[in-house]
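The values are calculated or read from the model by the stated rules, or taken from the named source; none is laboratory data. Just so it is clear, the model here is predicted, and its values are computed rather than measured. In this analysis, Cβ positions are derived from the backbone assuming ideal geometry, glycine residues included, and neighbour counts consider all displayed protein chains. Note: accessible area is taken over every heavy atom of the protein model, side chains too, but ligands, DNA and RNA are not part of it. Shrake-Rupley method; radii C 1.70, N 1.55, O 1.52, S 1.80 Å.
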Amino acid sequence: MATTRAPRPFLVQPRGACFTVFASLSSAVLALGSGGAAVFCAVSVATVGATPAVAIPVVLALVAAAFALAMVEVVFSLWDNRRATVELAAVGVDATALVLSAVFSPLGGEEPPEVRLLVRISGPGFEPFETDNTVEVHLFPGVAEGAVLPARVNPANLDFSM
């Protein structure tokens, strides 16, 4: 007997079509380049034969293949995010997100500053839910506990954006 699991909230960070295409093409070029490097290393090993120097091209081939697979995953992730953005715009309902807590990461390092938001999202067509997400500070400058943010929610799967 199959059981249905309640949908899990997912924060959709809207991406435009131009961004998605550019990022996908860049990732595809990196995937093709690293895939070509993997093939080159594998062919080099095959032509050299079994010598002690074979280990370096084998390791390089494995690293290049892993990088190529990672870039393919990036492309699929970009297009999945774009699909969710379009679907949210089409079938989403307006909602409100009450900020229950906002914890800012310390400044410094190379990473952009982030804020961890715990929010309660409510609106028509779905049960209110709480979710926490870590987002870059520039997306929510000056957000504080008690703030009410506009949101959009897909009632079918609880994908949302703020």
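Structure summary
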read-out: Dipole moment magnitude, nearest 20 debye, region 94-160 about Cα centre, only Lys, Arg, Asp, Glu C-beta charged; value: 200
read-out: Accessible surface of region 73-162, 1.4 Å probe, proportion on carbon and sulfur as whole %; value: 58
read-out: Amide N proximity, region 79-118 versus Leu149 label position 7 Å along Cα-to-Cβ, cut-off under 15 Å; value: 95-105, 113-118
